[in-house]
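Readers should treat all values here as calculations from the given coordinates under stated rules, not as data from a laboratory. A quick note: this is a predicted structure, and the numbers were derived from the prediction, not measured. Using ideal geometry, Cβ is built from the backbone for each residue, glycine included, and neighbour counts are taken over all protein chains shown.
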Amino acid sequence: MTTGHSANRTAHTAVVGLQWGDEGKGKIVDLLTSEHDVIVRYNGGANAGHTVQVGDERYALHLIPSGILYGDKTCVIGNGVVVDPEKLLQEIDALRTRGIRVGDNLRISDRAHVVMPYHKEQDAALEEYLGSKTAHAQGNLAIGTTRRGIGPAYADKIRRSTAIRVGDLLDADYLRSRLHVICTLRTAELEALGVRTAPLDPDALATRYAEFGERLRPHVDDSVYALHDAMRAGKRILFEGANASLLDIDHGTFPYVTSSNCSTLGIPSGTGVPGSAIGRVLGIMKAYSTRVGAGPFPTELANELGNQIRERGREYGTTTGRPRRCGWLDLVAVRYSVMVCGATGIACTLLDVLSGFEEIKLCVGYRLPNGTTTDRFIPDAHRLEGVTPIYETMPGWSAEIRDASDRSTLPQAAQRYLARIEEITGVPVEVVSLGPERTQTLVDGRRAVALATA
Ligand code: IMP
């Protein structure tokens, strides 16, 4: 896919979700992969789910970058990722069973932190506790996590002394000695949450995780040097954000966020590559909004319109199967994410889902409880919960648009909708996705398939 806008196309590229996740990043990353040599994950873990459709084959990936489907790309799991070795090995096995090569084309940072089984236990136990009647007296404080152990694994990283890194799995004695201390502490913590009666067995865990380490050994690398070596050799890098900007631990709707820097600000720390190396940031947004789990969502449609979007857009979680909350596009939120991520362009996905609505609303501001208005996003759940969206109403369109060959052949109303997104965010909509197939995509206004053969 080649494009012709002003951002520096010779430098490295980042792809990042501008909303609360599930924006269809997988497909856009897949389209961009052919222009890049190395695809890098910098944050999150198996809480993410990327679905890529190639012909009749549908691949759901959680930890491995979708570039792996190409065979000739190097895929890197950076130091900022939290790796569940069991899930990663399952993913590797599943890809190999389907004939996909996973060898030296997969590199895993020795400094990435490991998600252990007790992290998943802790995640679930904490969510149960915070969502229970006991905690309800203070309000339901559960986040609605994916229960993949993400928060507890990052908490151990920040706590340092109780963390396990991928490199530690390669030294069985060292791993065992650490686990002896960690398991004692962790058993006590789990008991306090009322979920564990038998103590954690450090020896059994050490044996199992050292075995995982042996299987992963051929892939484990100093990914920071590997990336800098690749850059020096003139390779082009694509940084693939997992989760999304509004779930960023520092810049999202805290505390209803995930535990990593999912915005592009996570790239330098999560890979060891400075932000100045990135010339192009493609922000991905749906033509409407969705959210999984708890947290404020000003434009949510908890009604028939929301149900219609959910059914048309098949809005059910890739990772957990949960129905997603659906609503109108919140451009206050998207413009904020464009700013924080330094997006140089937008890919607007799932525009076809909006076909058939008589009118479509765009949120362009918020009314605060004191009656004043703002066009600034409020990255704080408690304060954001009190706002009422201010909408612009635009006419909808009835034609199905999946097979449009050119942006100029889209219904006038759809063209105006895209133009309004550009006006408000201040960046061009470079890519429009009209369906799950690679070919159902307009790049710089034209159908992707035409570009591939041009
Ligand atoms: P955690 O990342 O499992 O701790 O979940 C924290 C919040 O982020 C929950 O509301 C999840 O539903 C949400 N979340 C995490 N990863 C994703 C994602 O990839 N897509 C959408 N929501 C996500």
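Taking 7 Å along the Cα-to-C-beta vector as the label spot, tell me the Ala94-Ala172 distance in nanometres, rounded to one decimal.
Calculated label separation equals 2.9 nm.
Label points 7 Å out from Cα along the Cβ direction at Leu193 and Arg367: separation in nm?
4.2 nm
Between the stretch 370-433 and the stretch 231-300, how far is it from one alpha carbon centroid to the other, in angstrom?
So the separation of the two Cα centres works out to 20 Å.
For the chain, what's the radius of gyration and Dmax over Cα atoms, in angstrom?
Rg and Dmax of the chain, Cα atoms, are 22.0, 66 Å.
For each of Ile182, Ile68, Ile100, Ile28, count neighbouring Cβ atoms within 10 Å of the residue's Cβ, then give the residues from fewest to most.
Going from least to most buried by this count: Ile100, Ile182, Ile68, Ile28.
Which listed residue (Gly194, Ser177, Met116) has the Cα farthest towards the positive end of the charge dipole for the stretch 113-219, taking +1 on Lys and Arg C-beta and -1 on Asp and Glu C-beta about the Cα centre?
Positive-end residue among those listed: Met116.
Note the angle between two axes, namely the Cα long axis of helix 412-425 and the longest principal axis of the Cα atoms of the chain, as a number of degrees from 0 to 90, rounded to the nearest 10.
That works out to roughly 60 degrees.
According to a simple spin-label model (label point 7 Å from Cα along Cα-to-Cβ), what is the distance in nm between Asp406 and Ala233?
4.3 nm
Expressed as an acute angle from 0 to 90° and rounded to the nearest 10, what is the orientation of the C-alpha long axis of helix 202-216 relative to the principal long axis of the chain?
50 degrees
Mind giving me the FRET efficiency for Leu141 and Ser269? R0 is 25 Å, r the Cβ-Cβ distance, nearest 0.05 is fine.
0.35
For a test of understanding, tell me how many lysine pairs in the chain have Cα atoms under 18 Å apart, given they are 8 or more places apart or on different chains.
8
Semi-axes of the equivalent ellipsoid of the stretch 113-219: what are they in whole Å, largest first, if each equals the square root of 5 times a C-alpha gyration tensor eigenvalue?
On the way: eigenvalues 159, 43, 23 Å².
Three semi-axes, in Å: 28, 15, 11.
Select from the stretch 336-412 those GluC sites (Glu not before Pro) which occupy a DSSP coil region and have at most 13 other Cβ atoms within 10 Å, ordered by residue number.
Passing sites in the stretch 336-412 are Glu358, Glu400.
Kirkwood Rh over Cα pairs of the stretch 377-454 into Stokes-Einstein at 10 °C, 1.306 mPa s: D in µm²/s?
109 µm²/s
With r as the distance between the Cβ atoms of Lys133 and Ala11 and R0 = 51 Å, compute the FRET efficiency 1/(1 + (r/R0)^6) and round to 0.05.
Plugging the Cβ-Cβ distance into 1/(1 + (r/R0)^6) gives 0.45.
Once the piece of chain linking Thr393 and His180 is laid out straight, how much longer is it, given 0.36 nm per residue of separation minus the C-alpha distance between them?
70.6 nm
Test of understanding: ordering Glu437, Glu315, Glu214 by Cβ neighbours within 10 Å, fewest first, what list do you get?
With the fewest neighbours first, Glu437, Glu315, Glu214 line up as Glu214, Glu437, Glu315.
Out of all DSSP beta bridges with both ends in the chain, state the antiparallel percent to the nearest 5.
Antiparallel bridges make up about 45 percent of those DSSP assigns within the chain.
Taking H as built 1.01 Å from N, whose amide H comes closer than 5 Å to the amide H of Val76, not counting residues under 5 places away?
Amide H neighbours of Val76, under 5 Å, 5+ apart: Ile39, Val40, Arg41, Arg107.
Could you work out the helix-only [θ] at 222 nm for the chain, with each DSSP H run of four or more residues adding -39,500 (n - 2.57) and the total divided by the number of residues, to the nearest 500 deg cm²/dmol?
-9500 deg cm²/dmol
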